[in-house]
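Below is one structure, written out as C-alpha cells, with a few remarks after it.
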Amino acid sequence: MSDSPLVWLPFDPSELGEVPDGLRYEVVDPTVHVPDSVGDVRVYVAPYQMGPAVGEVLPRMTSLEVVQLLSAGVDNVRDRVPEGVTLCNGRGIHDTSTAELALTLVLASLRDVPGMVRDQDSRRWNTRWRPALADRRVLLVGYGAIGRAIEERLLAFETEVVRVARTARTDERGPVHSFEELPALLPGADVVVLICPLTSETRGLVDATFLARMKDGALLVNMARGPVVDTPALLAELHTGRLTAAVDVVDTEPLPADSPWWDAPGLLVSPHVGGASSAMWPRAHRLVREQLQRFAAGEPLHNQMTGAY
C-alpha cells in the first residue's frame, strides 16, 4: 500500500468512522514536527488552529493535490497554496456553533448580561429595563452557509432579517441585497451582524462612514474577521455611547493586555470561539470523511475555493 495516496490528518483516522479505502494516513501537526514524508503528501487536512507553520509547509509538499481546511475562512493560507492545488474550506463545519454564539452575543448585549454578571460579583440587585431581540430588524452582512444558519435562529425570536451578500439575488426566502445597497439599509437596522469572508472588498468595510449610517442605539456584532472593521473608527463610536458592539474577532489576536478594546464602553468581547464548541468535531469528521471518499473515487470535491474569495 506504500504507493497509495498519502493523507496528512490532524486527528486519528479512527475519528472518521469508516475510513475510505485506497488511501494511507499519517497524523501530523506540522507546527510540532514535519516528517520526511512531506514530499509524498497528496491530501493535506490542515489543523484547525492555523499558525504560520501550517502554511509554511505547503511549498515542501511537492506531490500535493488538495488542501482541506477545517475553517470557513481561507484568508490565512490562500496566498500560499501552490498553483494547481485544490483548496477546500470547511463550509458546513461551523454553521451551528457560530450561529449559536452569534445569537448569544446579540442577546447578551441587548439584555446586558455582562452588567448582570458585574452586579452579581458586587452582590448588587439592579432591576432595569433592556431592549429585547423581538421586533428588531437585523441586518446580516454576509449570507453564506453560516449567515443562513444565523437567520434560521433569528427568525425564531420574532425578528425581521435583512440579508446582504456580495451580489444581489433572490432565493426562496426573498431578496438578498448587494454590498452596494448597504448605505441605504444601515439606517433601518437595530442589529448589524457581520459574517462575511475577509477579502480585498471587505477589508475595512465597516469604517467611519459605515458606522455613521447606523442608527443611534444600534448593535454591531462581528463574527467575520477582525480587519473587516476599522478598529479606531469603531472604538471612537463606542466612546460616544451612540453604538454598542460585540466581537468574536479583532484585528490582533490574541488581544494584547494593553489593547484599548478591553476598556471600550458598550463592548462585549469573546476570544474567537465561534467554532470552538462540541458541535464542531462531528461535523468536521463528517466533511473530511466525505471529501476523502470523493478523492479516492476521483469525484469532484465539495467546497472548492475558486475565483475571488
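Checking every one of the chymotrypsin sites (Phe, Trp or Tyr not before Pro) in segment 253-299 against DSSP loop status and a limit of 12 other Cβ atoms within 10 Å picks out no site at all.
Sorted fewest first by neighbouring Cβ atoms within 10 angstrom, Thr62, Thr127, Thr199 come out as Thr127, Thr62, Thr199.
Between Leu235, Ala46, Ala145, the Cα set farthest toward the positive side of the dipole of the chain (charges on each charged residue's Cβ, about the Cα centre) is that of Leu235.
List the GluC sites (Glu not before Pro) within segment 173-229 that DSSP assigns to loop and that have no more than 15 neighbouring Cβ atoms inside 10 Å. Here the GluC sites (Glu not before Pro) that fit, given the DSSP loop and packing criteria, are Glu201.
Relative to the longest principal axis of the Cα atoms of the chain, the long axis of helix 231-240 makes an angle of roughly 20 degrees. Across the chain, C-alpha contacts under 8 Å between residues 6 or more apart give a mean separation that, scaled by the residue count, equals a relative contact order of 16 percent. How many angstrom separate the Cα center of segment 248-303 from the Cα center of segment 1-33? Taking the Cα centre of each part, segment 248-303 and segment 1-33 sit 22 Å apart.
Our summary gives segment 93-267 a relative contact order of 19 percent, counting only alpha carbon pairs under 8 angstrom and 6 or more residues apart.
For the listed peptides 145-155, 280-290, a ranking on the average number of other beta carbons within 10 Å per residue, highest first, reads 145-155, 280-290.
Once you reduce segment 187-226 and segment 82-109 to the center of their Cα atoms, the two points are 17 Å from each other.
Helix 280-297 and the longest principal axis of the C-alpha atoms of the chain enclose an angle of approximately 40°.
What's log10 of I(q)/I(0) for the chain at q = 0.14 Å⁻¹, Debye sum over Cα points only, no solvent? Result of the Debye calculation: -1.08.
From the residues Gly275, Val250, Phe210, which one has its Cα farthest along the dipole of segment 199-277 in the positive direction, the dipole being from +1 and -1 charges on Cβ of Lys/Arg and Asp/Glu about the Cα centre? After comparing all options, I get Phe210.
A short reminder: the numbers here are calculations on the coordinates, not readings from a lab. Just so we're clear, the structure is a prediction, and the values are computed from it rather than from any experiment. A quick note on method: Cβ atoms are made from the backbone with ideal geometry, for glycine too, and the neighbour counts reach across all protein chains shown.
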